[in-house]
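Inspection log for the structure reproduced underneath, given as C-alpha cells.
The values are calculated or read from the model by the stated rules, or taken from the named source; none is laboratory data. The structure presented is a predicted model; accordingly, all values stated were derived computationally and were not measured. No Cβ is skipped: glycine too gets one built from the backbone with ideal geometry, and neighbour counts run over all protein chains shown.
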Amino acid sequence: MDKIFIEGYTLFARHGVHPEEAVLGQRFVFDVELRVDLAPAGRSDHLADTVDYGAVMARIAQVAEKRHCRLLETLGEAIVQDLLEAFPSVQAVRLRIHKPAAPVPGTFASLGIEIERERAR
C-alpha cells in the first residue's frame, strides 16, 4: 500500500500528568504516516483524488490544541481515530508523538509513543 507521510510537525500544547504541564505547556512533535492508494491521484493529478496534507495537519492541531490529555497514549488514540474518521480513503494510520522536553530524569533527544491502527473492515 502507498503512503503519505508528514515528519516533524511541531505544535505547542498542554498535555501531561504533572499540573505544570497543563499550565505551562510544551512542544510536541508529530510524525504521521497514512496508508492510502495513491494511484488515482497519480493518474489524475487532482487533489480530490488524494489526502490533503494541510488538512491532515489541521486535524492533528485541532485535536492536540483543543483537548487536554494526561497521557500521550490518550492523545495519540484521539488523533488516530479522528484521522480515520475524517479521511475515508485512508486504510491505516501510524502516529508517533515525541515529547522532547518531558519532565523525566535523564538525558534524551526525545521520548514518546507510536500508535498504529487500521480501518475496521
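If you filter the range 76-121 down to residues that are of a type in the set (Lys, Arg) and at pLDDT below 95, you find that the one that is farthest from Phe5 (Cα to Cα) is Arg121. Taken as a whole, the condition of being at pLDDT 95 or above and exposed (fewer than 14 other Cβ atoms within 10 Å of the Cβ) applies to Glu73.
Is it fair to say Arg27 is charged (D, E, K, R) and in contact with a helix residue (DSSP H, G or I) (Cβ under 8 Å, 6 or more places away or on another chain)? The answer is no for Arg27.
Here Ala22 fits the description: touching a Lys or Arg at 6+ places or on another chain (Cβ under 9 Å) and of a type in the set (A, V, I, L, M). For Asp52, the conditions (1) surrounded by 14 or more Cβ atoms within 10 Å (Cβ to Cβ); (2) free of Cβ contacts under 8 Å to residues at least 24 places away in the same chain; (3) charged (D, E, K, R) all hold with the exception of (1). Annotation note: Cβ proximity below 8 Å between a residue of the range 92-113 that is in a loop (DSSP other than H, G, I, E, B) and a residue that is among the charged types (D, E, K, R) (sequence gap 6+ or interchain) occurs for Pro100/Arg27; Ala101/Arg27; Pro103/Glu20; Pro103/Glu21; Ser110/Lys99; Leu111/Lys99. With respect to the stated conditions, Thr10 fails to be surrounded by fewer than 17 Cβ atoms within 10 Å (Cβ to Cβ), closer than 18 Å to Glu85 by Cβ, within 18 Å of the chain's Cα centre (by Cα) and among the polar types (S, T, N, Q). Among the residues examined, Phe108 does not qualify as buried (at least 16 other Cβ atoms within 10 Å of the Cβ) and within 23 Å of Leu11 (Cβ to Cβ). Of all residue pairs spaced 6 or more apart or on separate chains, those with beta-carbon atoms under 7 Å, a first member in the range 3-25 that is under 14 Å from Leu75 (Cβ atoms) and a second member that is in a helix (DSSP H, G or I) and of a type in the set (Gly, Ala, Ser) are Leu11/Ala61; Leu11/Ala64; Ala13/Ala64; Arg14/Ala22; Gly16/Ala22.
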